[in-house]
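Only one structure is covered here, and it is reproduced in the block below.
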Amino acid sequence: MKRLVAAFIIISVFIVACSDVDTDKSGNGTIIVNLTDAPGDYDAVLVDVQELRININDADTTEGEWVDLELDTMGQIDLLMFTDGNSIQLSDDEITAGYLTQIRMVLGENNQIVIDGDTLELDTPSAQQSGLKVNVHDSIADGETFNMLLDFDAEKSVVEKGNGSYSLKPVLTVSKM
């Protein structure tokens, strides 16, 4: 009889323990996004950062969800101020843990280049609609802080169109810090 009671207690404890298992497999992590640039042959390259979004997949799904990150820095940023190892923090935000597939930086309309003291407009049509897209392909685990560095290569990104006008065809790379 004692064995039957002991078996009953063990099975009961096991059932209760299993029912208390956390079904939320993903949890939360923190993502920190910094922006840097390679030196360029301009006085300034000013980009108007308006949004930062990431696409993240839950561990159990193949389709991602777009999440807007809270911006620490928003508006016009001179990329050339963040060269030679310097960077600016764009976001420090809590997100659902999972698999990061892509990041998008959406720019506003106030993008400019300064050459020999002259300020000229930069044409950036796709950056203002769907955003500048960069593939990430990395995971963030529950409780983890994921430090990401966006390298915006201004020298390669600015294209002279002729007749004194310029466009921005962004060359961006991402690395985990």
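A compact table of results
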quantity	calculated
Sole residue being under 29 Å from ASP41 (Cβ atoms), modelled with pLDDT of 90 or more and charged (D, E, K, R), chosen from ASP142, ASP123, ASP153, ASP138	ASP153
Subset of segment 90-119 (residues that are assigned to a loop (DSSP other than H, G, I, E, B) and under 20 Å from GLY131 (Cα atoms))	GLY108, GLU109, ASN110, ASN111
THR124 touching a residue at least 40 places away in the same chain (Cβ under 8 Å) and surrounded by fewer than 18 Cβ atoms within 10 Å (Cβ to Cβ)	no
Lone unmet requirement of (1) under 13 Å from GLU51 (Cα atoms); (2) more than 11 Å from the chain's Cα centre (by Cα); (3) not basic (Lys, Arg) for PHE152	(1)
Residue match in segment 19-29 (condition: assigned to a strand (DSSP E or B) and either exposed (fewer than 12 other Cβ atoms within 10 Å of the Cβ) or at pLDDT 90 or above (or both))	yes
Test: residue in segment 145-153 that is touching a Gly at 6+ places or on another chain (Cβ under 8 Å) and surrounded by fewer than 16 Cβ atoms within 10 Å (Cβ to Cβ)	yes
Number of the condition not met by SER165 [criteria: (1) buried (at least 16 other Cβ atoms within 10 Å of the Cβ); (2) within 20 Å of VAL47 (Cβ to Cβ)]	(1)
Neighbours by Cβ (under 9 Å, 6+ apart or cross-chain): first from segment 153-177, farther than 20 Å from THR83 by Cβ; second assigned to a loop (DSSP other than H, G, I, E, B)	SER167/THR124
Qualifying residues in segment 33-45 (those that are closer than 18 Å to ASP72 by Cβ and hydrophobic (A, V, I, L, M, F, W, C)) - the one surrounded by the most Cβ atoms within 10 Å (Cβ to Cβ)	VAL33
Conditions (1) exposed (fewer than 13 other Cβ atoms within 10 Å of the Cβ); (2) in contact with an Asp or Glu (Cβ under 9 Å, 6 or more places away or on another chain); (3) closer than 19 Å to ASN34 by Cβ: number failed by GLU109	(3)
Given (1) surrounded by 17 or more Cβ atoms within 10 Å (Cβ to Cβ); (2) over 20 Å from ASP153 (Cβ atoms), number of the condition ASP92 does not satisfy	(1)
Members of segment 45-89 that are at pLDDT 95 or above, in a loop (DSSP other than H, G, I, E, B) and closer than 13 Å to ARG104 by Cβ	LEU69
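The values are calculated or read from the model by the stated rules, or taken from the named source; none is laboratory data. Fair warning: this is a prediction, and the values are worked out from it, not measured in the lab. All Cβ positions, glycine included, derive from the backbone under ideal geometry; neighbour counts span all protein chains shown.
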